[in-house]
Each structure stands twice: as structure tokens, then as C-alpha cells.
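**Q** Here it is, the structure in full.
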Amino acid sequence: MGNNTFNIWAIKLETVKLWADLKNMPDENISVLLDEKRVFKPSEKFVNETNVKQWMDEHNIKNLEELHKKAEDREWFWKEISKDLVEWYKPYDKVVEWEAPWVKWFVGAKYNIVHDALDKHVKSWRKNKVAFIFEGEPGDVQKLTYNDLYIEVNKLANALKKLDVKKGDRVGIYMPMLPELPIAMLACAKIGAIHSVVFSGFSALAFRDRVNDCEAKVVITCDGFWRRGRKVYLKQQSDEALEKAPGVKHVIVFKRTGDAVPWTPGRDVWWHDLVYGMPKECESEKLDANDPLFFLYTSGTTGKPKGIIHAHGGYAVGTAYTLKWVFDLKDEDIWWCAADIGWITGHSYIVYAPLILGATSVIYEGAPNYPQPDRWWALIEKFNVTTLYTSPTSIRLFMKYGEEWIKKHDLSTLRLLGSVGEPINPEAWIWYYKYIGNEKCQIMDTWWQTETGHCVISPLPITPLKPGSATRPLPGLSADVYNEEGKPVQNAGGNLVLTHPWPGMLRGIYKNPERYKETYWSKFKDTYLAGDVTRKDSDGFFWIQGRADDVLNVSGHRIGNSEVESALVSHPMVAEAAVIGKPHEIKGESITSYVILKGHITPSDELRNELREHVGKEMGKIARPDEIWFVSDVPKTRSGKIMRRVIRAKALGKDVGDTSTLANPEAVDEIGKAK
Ligand code: WTA
């Protein structure tokens, strides 16, 4: 392994140790479960009733091994799988066409994902089935049936057409967790426009960069929303972003809070005015299955986020397949993916996959611990949620609040649990299993990325589980762990790679094919580099340790070290900055920064706060550094590259290794003193 990768892995082990230290948990059962290293198996009854088992029976497949084996015939597998999930307007000629690194799935098919998400349901018994149960933070509840959703989407789609939005045009969406967010996304998809959703927790400037990069013609936002009992004024933020976004011709504003908002006549239009009187029918555009559905920006190792492109057909099949098999989704389920729609998890598992499967899902607007730490448990009880999908950060937060908040509620409807976004430490896994799942729910620890579109390494509900491992690649998907030379390795840390194309695979980075090739396909020939350090054990189980590159994972959110550094340096008093991640008991990783001020500036606590807020303004609150240290220098190579690896090792009190290549070894001591 390269030094860099190895080092991060060491830090991850340290993180696990930290969690273990934190363990002073009085609960003896937890320690017993942990020590036992037992494999957690689902009950036979449960297995027999799963979607995957049913499919295996229908295909005469006796066990999981055989299933994996059969699925290696990918053409056959995806043909069989897609048959049950999607309806093409015109059938495909070929399942997959792979000219590395470019892929096409279901080649020749005519398709629109909205047909499967809505149009087909309103012609079936599901027409009046509830699609979304929405609860606002103040407690307001709204239930939308498939037919309600269909009508709202059609009206908005017609309205977008009236604003001259056409197939292939980009629409920027800056909205919180309201049902209107999926409505806006589906309306774009319906007419073949490409949506680019920006997480509502991102700052105005972050929104501006993304809107400009994707050259959006129209923006959809809302007046504001509720967060921790307070209102967030999103329209103001959107206006600030659009001061320098000349390409945006119209802004559609949904009214959520009803407060007065700044208004630009001629550009701004209220959602309700716009859709008033619009026809309730709008035919879905018959697209090519490989036409783009959306862009979603994600952080990489440079300061500029990447606009990841996903396409209609493959993405529909991949997301629906994984939701149906991994989470065993059935018509009776009440599904709750407690992520934000502004991230890929929400795109795939709140919007598209559940709708394709005709499910009923919960959408919750607010903070998990508002007004009290049992808000989520109250929601599960109130709506009879059967499946919960969340992140290790949330689980650790609830662990901190203690079990008494859970015991107030009846969570007996839960039958399956999920985790995503970051490695789940065994401690949190066991706690989730014991207190939320009442020792009867299997936990699906799903590994995937914005780029993969859907789960890739994940258990099925019939898989025996080892806490902390995402188990194995799902049937039809293939991953491995390679050393630096590109050789598969076992029982040692290495690079996580995906060895064959998969249906939900990204189709590129918008306007940047070179970066696409360089980032994912240049290290190993025709093999996708995921950017995570991983170990594969003797049973072939994958243990994902964390990022191998300069990307932080804070509360399951990807943030590029260099993005935060650029934000700091954009402050007029800052000359240079270096940013590293440190293990954090709840967030997984916290952001620590070392800042060199311009010559004449004196460090102060005031300035420290100002810089924190400055990063918040540039990027969004989640990217604000937890620690800011003022230093006179940071370790650099002779060519001037900041050595984050050395800084991190020093900050964590570890061996910094060979510093002979440094131009300024004395800067290392200064990092050590910044405590
Ligand atoms: C991390 C989120 C360990 C990983 C869906 C990956 C995980 C990055 C897991 C992608 C998991 C996601 N175990 N690590 N189960 N799931 N990750 O694009 O580092 O926001 O590369 O997609 O999150 O983050 P992204």
C-alpha cells in the first residue's frame, strides 16, 4: 500500500479504538454480543418470505452461493431482473454495451423513469395508495397518493414547458425535505429535462457554483422551511446565489412558511400561481434509456465538485432491484429512508426506487432530535414504519441520548434496518440491532456512492451478518480489493474496485470527461476505482475502512479537504490553509484546519469564529471546521504541496514517518504544539 492509504487506514483503526474507549456502556449484553463475534442469521421464517428467496425459488436456485454464481451471467441476470421492475416504451436490443470507461445499458430502449414511478401506478390498483406520508417539523401531516402525485407532477411539468424548459435543459433545485422536492424532480424527468438538486443545507455560494456549472435555465426553491424550531429563509439564500448566475431566467418559489420574501418581478413566480389551471395530464417524454436523468454534485480531491451524471434506464433498474432485494420492499411496508433528498441516498431511495416499486414512504422535514431526542421513534410508532434506513452518525447520536427515549415508543412494526454513508462501528451496529431492532431485525449495511447510483456491496436479508462488514457485492455486481500493483489481496488493506460495469453506473462528469477518466479509471485498467480503503476477509466479506483519498466523511457527507482549504483561503486575512480529518465519536470524522494568516494579521478567537462562519457561508454549515489552529507554516514538499498525511499523523500523536522529503520539517513541530 502507498503510505497515504496505509496511514488513513491506521487512523480508521484508531477511530474504532476510540469508539471502544467510549464504550463505558453499562450494558453487559452489548459487550457479550461484541466479544462473541457471532454471525447474525435471519430466522428461517423470515428468509422464506423474502423477495429474494421467492425469486430464487422461481428460478430453481437453491442457495446464496448458487445465486451469486448464476448472476455472473450478467446479460441473463439483468434481463431477468429488469423484466419484473420496469416497462420500456420500446424494448432494448442489447442489455449492455461496454467500451471502457463508457457504458450504455438497455441499448436501443425507449424509456422514461416517470412511467415506472407514476404513470403505470395510476393505471393500477395503486392509484389511491399513499406514496408519501409527509410530516413537517411543526407536526403538520400530509399524505399524497400516487394519483395526487401524478397530478401535481403533470401540472408542474406542463408549467415548466410553458417556461420553455425542453428536453436536455437543466433545472437547478434548491429545496428542503418537502413532497414538492420529489414533485419537482419528477416533473423535470417527465419532460426529459435534467434536474440538479443541491442540498438545502449548502450555502448560497455552493448553490451558485453548481447552478452555474450545470448551466441551469430555471431554478425551483421555496420561501423557507423549519429546522430546530426556527425558520430557514431559503429564498434569500437562493437570491444571493442567483446574483451571479446570469443563465437563470426563471425562479419557481414554493410557499412553505408563508413569510414575505424578496422578489424579482419577471424572474420569480410562485409555484401555486404557475400551476394554477395547468392541465392534469402531461405525457411523459419518450426518451432514450441512456438519456441523462440528473446531475448530482459530489466532492472530489480538488476544490471543484464533480457533476455526476446518471441516466434513466440503468439507474431505474439498479435502484429498484436493490430496494426490492436488499430491503425486501413489499406493498404492505412503510418504508423510511431518513436521508436528505439532496444527497444520492435520497434521490435513489426516497424518490426513484420506492416509487418504481409502488411503495409508501415517509418524508420528515426536520431535525432528528427536535423537539426531543425521540422524534424519530415517535414517527416510527405513529406511521407504523416497517423498515428504517439511516446513517451510523444518526445511530451514534441516538446512542448518546440513551435508551430511555426509545423505550417510550412501540417500535414493534420494524422488521428490517439499514445503514449507509460511512463505516458502521460494531458498537453502533450492536446498539442499533438491540435497541431499535429489538434483536429481531437484520441490519443491511450498504456500501455505495453517488457514482454507483445504488447499493453495490451489501447483505441481502438472507445473508448471515458480521457487525461492521457490508458483506459482499450483491448478485450481478462485482467488487474486489486490489493492492497498488492491481493484484487482488485478501486479509490486507487495499483499494476497493468494481470490476464490471453495473446498471446504475455514472455516465461521466458533466463537461469533464478527462476528469472522469482520470479519477476513476486511470489507476487500474478498465476497472473502477472507488477511492475507499477496504479489507476482504477469508470469507470474502468486505470491511470498508474509509476514504483513501483527500476526501473527508463528516456525518456521512463527503467533503473535499481542498474544498474547505479553498473556502478558508478565500477569506481576505488568510494566506494558506491545510485541512485534515480527525476521528469523531459521533460524526465519524471532524474537520481540523491549520491556518496561516497574512503577515500583518494577529490571531484571535474572534477571527477563529469569523473563519468558521466564513466557511459556512462559502460551503454550508456542515463544512465548518471543528478546530482552527493558527500556525506560521504547514509541512510541505519541496515542490510546495501541503503534506496532509504528515499533518494528520502529527495531530493524532502518531509516527509521522519519513520527513526527509519535506521542505520545512520544523513546521511539523508546530502542528504538534497546536493542541
Ligand atoms: C462511504 C453515499 C462504509 C464511502 C451513499 C463511500 C461507506 C462514500 C458506506 C460515498 C458503508 C458509504 N460503509 N463506508 N456502508 N456507505 N460509505 O457519494 O467512503 O455521499 O466512498 O454516497 O461514503 O459517499 P456518497
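**Q** Can you compute the FRET efficiency between SER639 and ASP537 using 1/(1 + (r/R0)^6), with r the Cβ-Cβ distance and R0 = 30 Å? Round to the nearest 0.05.
**A** Details: r = 39 Å, r/R0 = 1.30.
Calculated value: 0.15.
**Q** Using alpha-carbon positions, what is the distance between the centroids of region 337-401 and region 417-446, in Å?
**A** 14
**Q** Could you order the peptides 75-88, 190-203 from most to least packed, using the average number of other C-beta atoms within 10 Å per residue?
**A** Final packing ranking: 190-203, 75-88.
**Q** For region 408-467, what log10 I(q)/I(0) values come out of the Debye formula at q = 0.15, 0.17, 0.21 1/Å, with one point per alpha carbon and no solvent?
**A** -0.47, -0.59, -0.84
**Q** When the Kirkwood radius is taken over all Cα pairs of region 47-190, what Stokes-Einstein diffusion coefficient follows at 4 °C and 1.567 mPa s, in µm²/s?
**A** Answer, rounded: 70 µm²/s.
**Q** Give the relative contact order (percent, whole number) for the chain; include only Cα pairs under 8 Å separated by 6+ residues.
**A** On the way: 1437 pairs, mean separation 94.9, N = 675.
It rounds to 14 percent for the chain.
**Q** Count the lysine pairs in region 503-661 whose Cα atoms lie under 20 Å apart, taking only pairs 8 or more positions apart in sequence or on different chains.
**A** 12
**Q** Determine one quarter of the surface area of the Cα convex hull of region 476-600, which equals its mean projected area, and express it in nm² to one decimal. Spell out each step's value before the answer.
**A** Values: hull surface 42.5 nm².
In nm², the orientation-averaged hull projection of region 476-600 is 10.6.
**Q** So, one more: What number, in percent, do you get for the relative contact order of region 376-506 if the mean sequence gap of Cα pairs under 8 Å and at least 6 apart is divided by its residue count?
**A** 18
**Q** What percent does the relative contact order of region 30-158 come to when contacts are Cα pairs within less than 8 Å and at least six residues apart?
**A** The normalised contact order for region 30-158 reaches 12 percent.
**Q** Based on DSSP H runs of at least 4 residues, each adding -39500 (n - 2.57), what is the mean residue ellipticity at 222 nm of the chain after dividing by all its residues, to the nearest 500 deg cm²/dmol?
**A** Per the formula, -9000 deg cm²/dmol.
**Q** Next up: Once fully extended, how much extra length lies between GLU514 and TYR276, figured as 0.36 nm per residue of separation less the alpha-carbon to alpha-carbon distance?
**A** Details: separation 238, 0.36 × 238 = 85.68 nm, distance 4.46 nm.
Contour length minus Cα-Cα distance gives 81.2 nm.
**Q** Taking the Cα-to-Cβ direction at ASN384 and at ALA674 and moving 7 Å from each Cα, how far apart do the two end points lie in nm?
**A** 5.5
**Q** If you wrap region 579-658's Cα atoms in a convex hull and average its projection over all directions, what's the area in nm²?
**A** 6.6
**Q** Express in nm, to one decimal, how much length is gained between ASP331 and LYS62 on full extension, taking 0.36 nm for each residue of separation and deducting their alpha carbon distance. If you can, show how the numbers build up before the last one.
**A** Working: separation 269, 0.36 × 269 = 96.84 nm, distance 2.55 nm.
Stretched out fully, the ASP331 to LYS62 stretch lengthens by 94.3 nm.
**Q** Equivalent-ellipsoid semi-axes (√(5λ), Cα gyration tensor) for the chain, whole Å, largest first?
**A** Semi-axes from the Cα gyration tensor: 36, 32, 26 Å.
**Q** How big is region 294-381 by the Kirkwood estimate over distinct Cα pairs, in Å?
**A** One decimal place: 14.6 Å for the Kirkwood radius.
**Q** How big is the shadow of the Cα convex hull of region 206-255, averaged over all directions, in nm²? Walk me through the intermediate numbers first.
**A** Numbers: hull surface 13.8 nm².
Over all viewing directions, region 206-255 projects a mean Cα-hull area of 3.5 nm².
**Q** Here is a follow-up. Viscosity 0.890 mPa s, temperature 25 °C: Stokes-Einstein D of region 243-368 from its Kirkwood Cα radius, in µm² per second?
**A** 137
**Q** I would also like to ask the following. Find how many whole Å separate the alpha carbon centroid of region 519-598 from the alpha carbon centroid of region 284-300.
**A** Region 284-300 and region 519-598 have Cα centres spaced 26 Å from each other.
**Q** Tell me which GluC sites (Glu not before Pro) from region 194-244 have a DSSP coil assignment and no more than 12 other beta carbons within 10 Å of their own.
**A** Of the GluC sites (Glu not before Pro), the ones in loops of region 194-244 whose Cβ has at most 12 other Cβ atoms within 10 Å are GLU243.
**Q** Out of the trypsin sites (Lys or Arg not before Pro) in region 468-569, which ones are loop residues according to DSSP with at most 16 other C-beta atoms within 10 Å?
**A** LYS511, LYS523, LYS525
**Q** Still on this structure, I have one more. What is the gain in length, in nm to one decimal, between GLN142 and THR264 on full extension, counting 0.36 nm per residue of separation less the C-alpha to C-alpha distance?
**A** Result for the pair: 40.9 nm of gain on full extension.
**Q** Also, I was wondering about something else. Tell me which residues come under 5 Å, amide H to amide H, from SER419 once H is placed; ignore anything under 5 positions away on its chain.
**A** Result for SER419 returns THR390, MET444, ASP445, THR446.
**Q** What is the percent carbon and sulfur in the accessible area of region 157-273, measuring with a 1.4 Å probe over the protein chains and ignoring ligands?
**A** Answer for region 157-273 is 50 percent, counting heavy atoms of protein chains only.
**Q** Kindly provide the pair-distance distribution of region 103-253 built from C-alpha pairs, with 10 Å bins from 0 and whole-percent values in order of increasing distance.
**A** So the P(r) values, bin by bin, are 11, 36, 34, 17, 2, 0.
The values are calculated or read from the model by the stated rules, or taken from the named source; none is laboratory data. A quick note: this is a predicted structure, and the numbers were derived from the prediction, not measured. Every residue, glycine as well, gets a Cβ built from its backbone with ideal geometry; the counts of neighbours run over all protein chains shown. Remember, those area values only see protein heavy atoms, side chains included, never the ligands or the DNA or RNA. Shrake-Rupley method; radii C 1.70, N 1.55, O 1.52, S 1.80 Å.
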